[in-house]
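See structure below.
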Amino acid sequence: MEHNSNQDEFKRDILIYFSIIVMTGLIIGINHLHLKVLGIYLIVPIACAEAGILGYYFMHLMTKKRTVHLILLLTVIVFINLLFWPAWDVAYSPRVPSEFTNF
């Protein structure tokens, strides 16, 4: 019984390993297409999925307690806020002309 479980885990790990290789290849392929901003919108979700898979399986986060998942959720919330805060600031804050603007 234990032997079968180890084989299943090995097959799962190999599948995950090759999926990481495929996602890395996708990222490299998208980068070579020179899609500019569209490329970023395609690459970032792939990279996030890749990081999530690596963390979940190879860092064994699937077996950790609820506290670890809450800390990860807090990290994602802070990351999203830091990602969109500058865009909100640029869009909605009043600007005064300076030597760096083209008003």
(message) One residue is enough: does the stretch 44-60 have a residue meeting the conditions open to solvent by 100 Å² or more (accessible area, probe 1.4 Å), out of contact with any helix residue (DSSP H, G or I) (no Cβ under 8 Å at 6 or more places or on another chain) and modelled with pLDDT of 85 or more?
(response) no
(request) Collect the residues in the stretch 61-70 that are surrounded by fewer than 11 Cβ atoms within 10 Å (Cβ to Cβ) and part of a helix (DSSP H, G or I), keeping them in residue-number order. (result) Met62, Thr63, Arg66, Thr67, Leu70
(message) Residue pairs, Cβ under 7 Å, 6 or more apart or interchain, first in the stretch 84-103 and at pLDDT 65 or above, second of a type in the set (Phe, Trp, Tyr). List them.
(response) Pro97/Phe103
(message) As an exercise: evaluate Leu26 against (1) hydrophobic (A, V, I, L, M, F, W, C); (2) open to solvent by 50 Å² or more (accessible area, probe 1.4 Å); (3) closer than 23 Å to Leu73 by Cβ and give the number of the one condition it does not meet.
(response) (3)
(request) For Leu35, work out the one condition from (1) in a helix (DSSP H, G or I); (2) open to solvent by less than 80 Å² (accessible area, probe 1.4 Å) it doesn't fulfil. (result) (1)
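The values are calculated or read from the model by the stated rules, or taken from the named source; none is laboratory data. Note that the structure is predicted; figures quoted are calculated from it, not measured. Virtual Cβ from ideal backbone geometry, glycine too; neighbours counted across all protein chains shown. Calculation scope for accessible area: heavy atoms of the full protein, side chains included, ligands and nucleic acids excluded. Shrake-Rupley method; radii C 1.70, N 1.55, O 1.52, S 1.80 Å.
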